[in-house]
Amino acid sequence: MAGTTLTARTGGTGKGAPAPLTVCVLAGGRGTRLGEATRQKPKGLIEVAGQPFLVHQLRLLAGYGVSRAVLCVGYLGEMIEERIGPSCHGVEIAYSYDSPGLDGTLGAIRRASALLGGRFLVLYGDTFLRVDYADVAARWEASGLPAAMTVLRNENLWDASNAVLEAGRVTRYNKVHPTPEMAWVDYGLGGLTAPAIDLAGAGVTELSELYATLAERSLLFGYEATERFYEIGRAGSLAETDEFLRRFWAEPG
């Protein structure tokens, strides 16, 4: 795997040196579709291929040179902090807790803003994504756009396709009501800046709503992934991901 350090110019040292790019991991969901598996433990701690799923995510991020992550936690979040601790595979970990009523994905990002800084990647906490995180960050920065979304040409294969990619930008996105011309799917990794977040009204609590607004305004950089995603959101996908990760970590290199 790549070992390139992810960097961003926003929030540097003041001397022109880039600062390490923070990755925000959204790990606050209840995982209700997994039934009994998440009744007494958060989804991110479900054992997959012998380790909590979040450990696999952090190990992958470390392999791409990520040095810092902010875990946005909610349901049974204390268990996550106790198990993962202040670092994992060399990645420094900070924690941001949802309010008791849960904040929604964008609400969780807003609550963590002091930890995240002005520019960061956003990763859903139930997905394992084989994409070059360093390249995503670099190409997004070079685009000059305030936000990014990685997409996979999916044709409704792995999940319902919900995005249109045109000339390097996601120009249409609708997670709830996708339309027939949407051949790409939100891959699970994005990027945000403070100005992008400010485009969402205070009443907007879900990241998907902000992405839709950004796409409509042609402000969403699109990075096309080429490898299918794996996730643990459903019982069937959990078993598939377990099998895949056992093979993945056993492979040399």
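The values are calculated or read from the model by the stated rules, or taken from the named source; none is laboratory data. Just so you know, these numbers come straight off a predicted model, no measurement behind them. Don't worry about glycine lacking a Cβ; one is built from the backbone with ideal geometry, like all the others, and counts go over all protein chains shown.
For this structure, a couple of remarks:
- Any hit, the stretch 19-39, residues being surrounded by 22 or more Cβ atoms within 10 Å (Cβ to Cβ), modelled with pLDDT under 90 and in a strand (DSSP E or B): yes
- Test: residue in the stretch 69-89 that is at pLDDT below 95, under 19 Å from the mean Cα position of the chain (by Cα) and under 20 Å from PHE229 (Cβ atoms): no
- Index of the failed condition, LEU210 passing every other in (1) touching a strand residue (DSSP E or B) at 6+ places or on another chain (Cβ under 7 Å); (2) surrounded by 20 or more Cβ atoms within 10 Å (Cβ to Cβ); (3) of a type in the set (A, V, I, L, M): (1)
- Residue identified as more than 18 Å from ASP126 (Cβ to Cβ), within 18 Å of the chain's Cα centre (by Cα) and of a type in the set (Phe, Trp, Tyr) among TYR64, TYR95: TYR64
- Filtered by the rule that a residue be crowded, with 19+ Cβ neighbours inside 10 Å and either under 24 Å from ASP135 (Cβ atoms) or aliphatic (A, V, I, L, M) (or both), the stretch 77-90 gives ILE80, ILE84, CYS88.
- Of the residues making up the stretch 47-62, those that are among the hydrophobic types (A, V, I, L, M, F, W, C) and over 15 Å from GLY74 (Cα atoms) are VAL48, ALA49, PHE53, VAL55, LEU58, LEU60, LEU61, ALA62.
- Qualifying residue in the stretch 3-11 (condition: modelled with pLDDT under 60, assigned to a strand (DSSP E or B), surrounded by 19 or more Cβ atoms within 10 Å (Cβ to Cβ) and aliphatic (A, V, I, L, M)): yes
- The helices (runs of 4 or more DSSP H) found entirely in the stretch 51-121 that carry 2 or more residues being charged (D, E, K, R) and either touching a strand residue (DSSP E or B) at 6+ places or on another chain (Cβ under 6 Å) or without any contact (Cβ under 8 Å) to a residue 24 or more places away in the chain (or both) are 77-84.
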